[in-house]
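Novice: Structure incoming, see below.
The values are calculated or read from the model by the stated rules, or taken from the named source; none is laboratory data. These numbers were taken from a predicted model, which means no experiment stands behind them. Heads up, the Cβs are rebuilt from the backbone with ideal geometry, glycines too, and the neighbour counts pull from every protein chain shown.
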């Protein structure tokens, strides 16, 4: 599974903002989430560029969510903080349409088909999971279901 440290940091920072509900200074986000301040600043710039977070400069400045936590998907935060979500390298597209898989069996591997379906299921789940879902989980998150096999396959 390829979800980078920066993606993780971005999700933790955004969730912290969702929990606080008020403007928060960078150093407070960094300290509370155990993210190095320089890396936190980089991640927050990316979240601002993706219009997930708003930034206000000055003595009373800081960061807030740009919109309601119910409307911000986990997938959007993860990909904004570092890159698009790639669950398995062998099914990832390369840069600008170039192939991402460097395996000789690319396109001929039965397991690659399984991984594509599984990866799509995870990506869809993260796309439908919101910051509000994480904030209000109380130990319960929406159930994850693996994608169904295509019709005609034995179960």
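Novice: Hey, among 93, 104, which residue is at pLDDT below 95, surrounded by fewer than 13 Cβ atoms within 10 Å (Cβ to Cβ) and closer than 23 Å to residue 4 by Cα?
Specialist: Only one candidate passes the filter, namely 93.
Novice: Does any residue of the stretch 109-123 turn out to be surrounded by 13 or more Cβ atoms within 10 Å (Cβ to Cβ), at pLDDT 75 or above and part of a loop (DSSP other than H, G, I, E, B)?
Specialist: Yes; the residues of the stretch 109-123 include at least one that is surrounded by 13 or more Cβ atoms within 10 Å (Cβ to Cβ), at pLDDT 75 or above and part of a loop (DSSP other than H, G, I, E, B).
Novice: Looking at 52, 29, which is the one that is surrounded by 14 or more Cβ atoms within 10 Å (Cβ to Cβ), closer than 20 Å to residue 135 by Cα and more than 15 Å from the chain's Cα centre (by Cα)?
Specialist: Only one candidate passes the filter, namely 29.
Novice: If you go through the stretch 8-35, how many residues are free of Cβ contacts under 8 Å to residues at least 24 places away in the same chain, in contact with a helix residue (DSSP H, G or I) (Cβ under 7 Å, 6 or more places away or on another chain) and over 17 Å from residue 51 (Cα atoms)?
Specialist: Selection size over the stretch 8-35: 3.
Novice: Being in a strand (DSSP E or B) and in contact with a helix residue (DSSP H, G or I) (Cβ under 9 Å, 6 or more places away or on another chain) is the filter here, so list the residues in the stretch 41-63 that pass it.
Specialist: 53, 54, 55, 62, 63
Novice: Do we have residue 24 as within 18 Å of residue 8 (Cα to Cα), surrounded by 13 or more Cβ atoms within 10 Å (Cβ to Cβ) and in contact with a strand residue (DSSP E or B) (Cβ under 9 Å, 6 or more places away or on another chain) here?
Specialist: So residue 24 fails the test.
Novice: Could you tell me which of the residues 83, 67 is closer than 25 Å to residue 125 by Cβ, assigned to a loop (DSSP other than H, G, I, E, B) and modelled with pLDDT of 95 or more?
Specialist: Among 83, 67, only 67 is closer than 25 Å to residue 125 by Cβ, assigned to a loop (DSSP other than H, G, I, E, B) and modelled with pLDDT of 95 or more.
Novice: When the residues of the stretch 65-86 are narrowed to those that are surrounded by fewer than 16 Cβ atoms within 10 Å (Cβ to Cβ) and free of Cβ contacts under 8 Å to residues at least 60 places away in the same chain, which ends up farthest from residue 18 (Cα to Cα)?
Specialist: 84
Novice: Related question: Using the structure shown, decide if residue 50 is within 15 Å of residue 65 (Cα to Cα) and without any contact (Cβ under 8 Å) to a residue 40 or more places away in the chain.
Specialist: Judged against the criteria, residue 50 is a match.
Novice: In this structure, is residue 134 under 30 Å from residue 67 (Cα atoms), in contact with a strand residue (DSSP E or B) (Cβ under 8 Å, 6 or more places away or on another chain) and either part of a loop (DSSP other than H, G, I, E, B) or modelled with pLDDT of 70 or more (or both)?
Specialist: no
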